[in-house]
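Below is one structure, written out as structure tokens, with a few remarks after it.
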Amino acid sequence: MKLEILATTALLSTIAFTTPAQAANPAHVRQLLATRSCAGCNLAGANLQQAHLIGADLRNANLAGANLKSANLEGADLTGANLKGANLSDVFASDASLTGTNLTGVKLTNAELHNADLEGAILANADLRGAILNGALYGGYVR
């Protein structure tokens, strides 16, 4: 009996102390898609697959774990954004600013980042297979 109580207590305390998963704010997603401006927004885990975000203002936005597969980010400003673990495969982001962006664990397979500014970006464990970084500026961290 005591063992069952102890096991139940351990299980419940583990669940109670876990960090809640971040989810995109639906109002922020609507705002971004309507105006292409969402600086500082919470878009964590958002499904933005094939979104047309040309010239979008996403400075300091939280896009951790977001799905941006095949999105058009041409000329977008993602300065200081958190894209940790996001899917950017097949994305087109020419002339985009990714200055100081967290791209840890990002999937950039077959992405096109022509003339993109990656100064200070963190690309630790990023998947760059097939990516085109023609003319990209980089002075960040790769592991």
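The values are calculated or read from the model by the stated rules, or taken from the named source; none is laboratory data. Because the structure is predicted, anything quoted here is derived from the model rather than measured. Don't worry about glycine lacking a Cβ; one is built from the backbone with ideal geometry, like all the others, and counts go over all protein chains shown.
Some values worked out for this structure:
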item	result
Within region 113-137, considering residues that are farther than 13 Å from residue 102 by Cβ, in a strand (DSSP E or B) and within 18 Å of the chain's Cα centre (by Cα), the one modelled with the lowest pLDDT	117
Region 53-94, subset of a type in the set (Val, Ile, Thr) and under 18 Å from residue 40 (Cα atoms), residue surrounded by the fewest Cβ atoms within 10 Å (Cβ to Cβ)	54
Residue check, residue 111 over 17 Å from residue 127 (Cα atoms), surrounded by 22 or more Cβ atoms within 10 Å (Cβ to Cβ), touching a residue at least 12 places away in the same chain (Cβ under 8 Å) and not hydroxyl-bearing (Ser, Thr, Tyr)	no
Breaking point among (1) within 18 Å of residue 50 (Cβ to Cβ); (2) among the acidic types (Asp, Glu); (3) in contact with a Gly (Cβ under 6 Å, 6 or more places away or on another chain), for residue 74	(3)
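Matching residues to (1) in contact (Cβ under 8 Å) with a residue 40 or more places away in the chain; (2) out of contact with any Leu (no Cβ under 8 Å at 6 or more places or on another chain):
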| residue | (1), (2) |
| --- | --- |
| 24 | yes, no |
| 30 | no, yes |
| 58 | no, no |
| 61 | no, no |
| 66 | yes, no |
| 69 | no, no |
| 72 | no, no |
| 98 | no, no |
| 107 | no, no |
